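Notes to accompany the following structure.
The values are calculated or read from the model by the stated rules, or taken from the named source; none is laboratory data. Here the structure is a predicted model, which is why all the values come from computation and not from measurement. Quick reminder, even Gly has a Cβ in these numbers, built from the backbone with ideal geometry, and neighbours come from all protein chains shown. Heavy atoms of the whole protein, side chains included, go into the accessibility calculation; ligands, DNA and RNA do not. Shrake-Rupley method; radii C 1.70, N 1.55, O 1.52, S 1.80 Å.
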Amino acid sequence: MERGDRADHNDRMNGKRIVLGVTGGIAAYKSPDLVRRLVERGAQVQVVMTAGAREFVTPLTFQAVSGREARSDLWDHGAEAAMGHIEMARWADLILIAPASADFLAHLAHGLADDLLTTMCLASAAPIAVAPAMNRLMWANAATQANVQQLRARGVHVLGPAVGEQACGETGEGRMVEPAALAEAALALFPVHGPLSGKRVLITAGPTRERIDPVRFISNRSSGKMGYAIAQAAREQGAEVVLVSGPVSLCAPTGVRRECVESAEQMHAAVMKEAGTADIFIATAAVADYRPAKPADCKIKKVTDTLEVAMERTIDILHAVAQLPRRPYVVGFAAETNNVEEHARAKLERKNLDLIAANEVGDCKVFDQDDNALVLLWKNGGRQELGAGPKTLLARKLMAFIAARYLANAP
Ligand code: CTP
């Protein structure tokens with residue numbers, strides 16, 4: 001992140017009051033680092049520890065990094081006199097629990113209130129976010145999954161867990177998301193005020209899968225990274241963001257609503273449901289242009305030497321949105337291997353777009369890479385280079401550009 005961006009970013013967390021709940025798990029050793037990163041971004045942090053957490057880290061460590069006495073006892077008369085648990089519940093702009101153990105998630109899901117942290121969660125109207133951390137089998141356990149599902153349905157933000165090596169020596173899903181990423185995710189939970197506040201941005205991302213038979217499909221190498229980075233950048237501009245995504249291995253950016261789809265047909269349906277109320281539409285998805293005309297109902301057996309699969313055209317989603325009577329500001333992408341700008345400009349005209357972002361692909365360029373290079377083209381010969389760089393940075397530049405052009409022409 002660039003310096004200026006960091007300053008804007010910090011503004012969003014400046015003075016925000018975060019209660020950081022720490023529960024009993026080995027990942028608790030990373031929580032002081034999380035406090036530091038939240039404080040660094042301008043937040044005030046009040047740590048609340050469960051009895052289990054005190055087995056892993058001392059309250060003094062948290063006091064040193066947060067500048068506030070860490071609380072853990074519901075029956076501590078002295079501390080309650082200073083700020084009672086109900087007062088603390090009201091004080092919080094956000095309650096973040098990191099790490100959140102399986103036991104804590106079960107307590108929260110069932111509304112139990114047998115210590116300071118669980119009581120506070122029950123007594124607060126603030127948004128709650130949990131960063132689960134536990135052994136992979138505990139995470140995969142049906143009981144934990146049911147609890148997490150219930151929490152999600154109630155609007156609790158579930159951040160992670162991450163996949164990797166675990167303290168118990170096993171490898172799998174269950175690690176706490178790293179403090180730096182958690183601090184960013186917490187930041188993204190605060191309402192964003194930016195140039196696109198009150199505007200709706202609809203984005204497509206990733207590849208589509210077109211079914212050949214029940215076990216095979218045709219797809220492409222799109223990773224979804226550019227689209228996801230744009231979704232996050234749009235959110236940072238204050239927009240309400242809907243991300244219609246093909247199958248990718250990325251987590252939805254915090255604060256972004258994601259609709260998961262597989263085929264071009266499903267993506268088209270999901271987009272058309274949202275397009276009527278969108279202010280800006282950005283098509284980054286690598287939608288299949290053709291799909292098998294008659295997908296087989298059963299697995300195709302290898303009984304012939306050659307196999308021909310008849311293909312038919314899919315619907316052009318971008319074109320369909322651009323044809324709507326009350327259309328959003330429409331942005332397309334052009335991935336080309338040669339004559340990049342010439343092809344992109346033809347696409348801009350043919351699909352009736354407001355803006356097209358062109359990039360060169362092939363020879364290990366772009367697909368599944370973290371870097372990209374974009375040129376923006378619009379009607380009447382308009383052209384601007386965004387240059388090369390990480391997709392996250394380009395996405396921010398692109399969104400700033402789109403926001404400026406959209407707002408300049410907004411009715
Ligand atoms: N797109 C879409 N729906 C499709 C196909 C493409 O929304 N069925 C969008 C992509 O998300 C992207 C742009 O259209 O924004 C890319 O245009 P497209 O015509 O698919 O590019 P190419 O397939 O490369 O076109 P051509 O074969 O004409 O080069």
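What the table below lists for this structure:
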item	result
Unmet criterion (only one of (1) open to solvent by less than 60 Å² (accessible area, probe 1.4 Å); (2) more than 11 Å from the ligand (Cβ to nearest atom); (3) not acidic (Asp, Glu)) for residue 356	(2)
Meets criteria (free of Cβ contacts under 8 Å to residues at least 40 places away in the same chain, in the same structural domain as residue 404 (by TED's automatic domain parsing), within 13 Å of the ligand (Cβ to nearest atom) and not in a helix (DSSP H, G or I)) for residue 342	no
For residue 187: the one exception among (1) in contact (Cβ under 8 Å) with a residue 60 or more places away in the chain; (2) within 13 Å of the ligand (Cβ to nearest atom)	(2)
Selected residue (only one of 138, 176 is open to solvent by 40 Å² or more (accessible area, probe 1.4 Å) and either under 24 Å from the mean Cα position of the chain (by Cα) or not β-branched (Val, Ile, Thr) (or both))	138
Index of the failed condition, residue 31 passing every other in (1) open to solvent by less than 70 Å² (accessible area, probe 1.4 Å); (2) more than 28 Å from residue 144 (Cα to Cα); (3) of a type outside the set (Asp, Glu); (4) in a helix (DSSP H, G or I)	(2)
Lone qualifier among 218, 230 - being among the β-branched types (Val, Ile, Thr), open to solvent by less than 10 Å² (accessible area, probe 1.4 Å) and at pLDDT 90 or above	230
Looking only at the range 330-339, and only at residues there that are modelled with pLDDT of 95 or more and more than 7 Å from the ligand (Cβ to nearest atom), the one that is nearest to residue 272 (Cα to Cα)	330
Within the range 279-329, considering residues that are more than 18 Å from residue 356 (Cβ to Cβ) and among the small types (Gly, Ala, Ser), the one nearest to the ligand (Cβ to nearest atom)	288
In the range 71-109, the residues that are modelled with pLDDT of 95 or more, within 16 Å of residue 19 (Cα to Cα) and not in a strand (DSSP E or B)	104, 108
Leading residue by the ranking (nearest to residue 208 (Cα to Cα)) among those in the range 262-274 that are touching a strand residue (DSSP E or B) at 6+ places or on another chain (Cβ under 7 Å) and away from the ligand (no atom under 11 Å from the Cβ)	270
Condition check for residue 24: farther than 18 Å from residue 187 by Cα and open to solvent by 10 Å² or more (accessible area, probe 1.4 Å)	yes
